[in-house]
There are 2 protein chains.
Amino acid sequence: MSNKVPVGVSNRHLHLSTKDIETLFGKGYELKPLKDLSQPGQYAAEEVVTVEGSKGQIEKVRVLGPARQQTQVEVSKTDSFKLGIKPPVRDSGDIADSSSVVLKGPKGQVQLNEGAIIAQRHIHMHTSDAQKLGLKDKELVSVKTEGKRSVTFNNVLIRVKDSFALEFHIDTDEANCAELKNGEQVEVHK
Amino acid sequence: MSNKVPVGVSNRHLHLSTKDIETLFGKGYELKPLKDLSQPGQYAAEEVVTVEGSKGQIEKVRVLGPARQQTQVEVSKTDSFKLGIKPPVRDSGDIADSSSVVLKGPKGQVQLNEGAIIAQRHIHMHTSDAQKLGLKDKELVSVKTEGKRSVTFNNVLIRVKDSFALEFHIDTDEANCAELKNGEQVEVHK
C-alpha cells in the first residue's frame with residue numbers, strides 16, 4: 001500500500017475574527033474569496049494586512065477565510081527574526097500566551113496581545129485516508145523526503161476529519177530546508 | 001561513546017579571489033579580519049558586498065577570508081527566491097555551472113558567470129574526531145535533532161582534515177526549520 005502524501009507549503013498568513021475584520025477593513029466588511037485552498041471550504045482572500053513586531057514589519061500578509069473565532073497569525077522562524085518576536089511552535093487554535101503583534105489594515109489597526117505562532121507541521125486527512133494508511137487522529141508520525149537535501153521530519157501530527165483533504169502542511173522554512181514544493185509526494189512512516 | 005557534534009549556522013556569505021577583491025575594493029586591497037571563525041585560519045572580514053540577481057539584491061553580504069582561488073557565494077534557498085536565481089546544492093569549491101550573480105563593492109563590480117551555490121550540509125572534523133566517531137572522509141551520515149521540530153538530516157557529508165574543528169555546518173533555512181542555534185549539540189548516526 002502506498003504511504004505517499006502530497007506536500008502543501010504555507011506561506012505566512014492569518015485568520016481573522018469577525019470583530020478584527022471590521023476593525024481592519026470597516027464595519028460590516030466581508031472577506032472576498034480570491035482562490036480556493038486544498039482544504040474544503042477554506043480560501044485565500046483578496047485582503048492583505050501589515051503585521052508589525054517590535055523590530056520590523058511585513059507587508060501584504062494574506063488573510064485566509066472564512067472568519068474564525070480567534071485571530072491567529074502564522075509566520076515562519078525566518079519571519080519572526082524580521083518582526084522581532086519569538087512565537088512558539090503550536091497546533092492551529094492553540095494560541096494562549098503566544099506572541100504579540102500589531103495588525104494594520106486600510107481602516108484601522110488591531111493590537112493582538114497573543115495570536116502569533118509558528119504552525120506545527122501536520123498531515124490533514126479524510127477518515128478514509130486514515131483507514132487506508134492505518135493512522136488515527138493525533139498520532140505522531142515521521143515524514144521522509146527524497147533528494148540531495150533529504151530530511152526526515154519527526155513529530156508530525158496526524159489530523160483526521162471528514163472535511164479534510166490529504167496534505168502534509170509545512171511552512172516555508174521547512175520547504176526551503178528540504179527543497180520541497182507544493183504537490184510533491186513524500187513518505188509517511190509510523 | 002558520545003556521538004554529539006556542535007552546530008554551526010552559516011548565514012549567507014562569500015569567499016573572494018584576490019582579483020575580485022581588487023575589482024570590488026581597489027588595487028592592492030587586503031581583507032581586514034573582523035572575527036575568527038571556528039575553523040582554524042578562517043575569519044569573517046570587515047568587508048561586505050551587495051549580491052544582485054535578476055529579481056532583486058541583498059546588501060551587506062559578509063566576506064569571509066582569507067582569499068581563495070575562486071570566488072564563491074553561498075546563499076540559502078530563501079535568499080535565492082529574493083535574488084531570482086536557482087543555485088544548485090553543492091559542496092564548497094564545486095561551482096561549475098552554478099548560478100550567475102553580480103557583486104557590487106565600493107570600487108567596482110564583478111559579473112560572476114558562475115559561483116553562487118546553496119552549500120550542502122556537512123560535518124567538519126579533525127582526524128582525531130573521525131577516529132573517535134569511527135567515520136571517514138566523504139562518508140555520508142544522518143544527524144538527528146531534538147525538540148518539537150525534531151528532524152533527521154540525511155545525506156550529511158563528512159569532511160576530515162587536520163585543519164578542521166568538529167562542527168556540523170548548516171544554513172539558515174536548515175537552522176530555522178529545526179530551530180537550531182550555534183553551538184547546540186546534535187547526534188550523528190551512521
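Taking square-rooted eigenvalues a ≥ b ≥ c of the alpha carbon gyration tensor, is the protein assembly as shown rounded, prolate or oblate, where a/c under 1.5 means rounded and, failing that, a/b exceeding b/c means prolate?
oblate
Starting from the amide H of residue A:34, placed 1.01 Å from N in the peptide plane, find each other amide H under 5 Å away whose residue is 5 or more places distant or on another chain.
A:44, A:45, A:46
Top mean-square fluctuation among B:117, B:158, B:170, Gaussian network model of chain B, C-alpha springs under 10 Å?
Result: B:158 has the largest fluctuation of those listed.
Note the distances from residue B:134 to each other copy's matching label point, with points 7 Å along the Cα-to-beta-carbon direction, in nm, sorted shortest first.
Nearest to farthest, the other copies are at 3.1 nm.
Over 31 Å between Cα atoms, which of A:4/A:55; A:55/A:148; B:32/B:77; A:19/A:77 qualify?
In this structure, A:4/A:55; A:55/A:148 lie more than 31 Å apart at Cα.
To the nearest whole percent, what portion of all C-alpha pairs in the stretch B:10-119 is separated by more than 21 angstrom?
28 percent
Separation of the stretch A:10-72 and the stretch A:111-190 by C-alpha centroid, Å?
Answer, in whole Å: 22.
For the stretch A:124-137, just list the computed ³J(HN,Hα) in residue order, Karplus coefficients 6.51, -1.76 and 1.60, θ = phi - 60°, integers in Hz, with x standing in for Gly and Pro.
The phi angles translate into 7, 8, 6, 3, 5, 5, 4, 5, 4, 8, x, 10, 10, 3 Hz.
Defining a contact as two alpha carbons under 8 Å apart and six or more residues distant in sequence, what relative contact order in percent does chain A show?
The normalised contact order for chain A reaches 27 percent.
Below 13 angstrom from the Cβ of residue A:122, what's the summed charge of the other residues (Lys, Arg +1; Asp, Glu -1)?
-1
Just to verify a number: FRET efficiency for residue B:107 and residue B:159, C-beta to C-beta distance, R0 = 51 Å, to 0.05?
Once rounded, the FRET efficiency stands at 0.90.
How high is the relative contact order of the stretch A:10-119, in percent, with contacts defined as C-alpha pairs under 8 Å that are six or more residues apart?
31 percent
May I ask you to evaluate 6.51 cos²θ - 1.76 cosθ + 1.60, the Karplus curve with θ = phi - 60°, for each residue of the stretch B:72-80 and list the ³J(HN,Hα) values in order in whole Hz, giving x for glycine and proline?
Couplings: 9, 10, 10, 10, 8, 4, 4, 4, 4 Hz.
If you take every residue apart from residue B:3 with its C-beta less than 14 Å away from the C-beta of residue B:3, what net charge results, scoring Lys and Arg +1 and Asp and Glu -1?
With Lys, Arg at +1 and Asp, Glu at -1, the neighbours total 0.
All of the numbers you see were taken from the coordinates with simple rules; none came from a lab. Since the model is a prediction, treat every value here as computed from it, not as a measurement. Here Cβ is always computed from backbone atoms with ideal geometry, including for glycine, and neighbour counts include all displayed protein chains.
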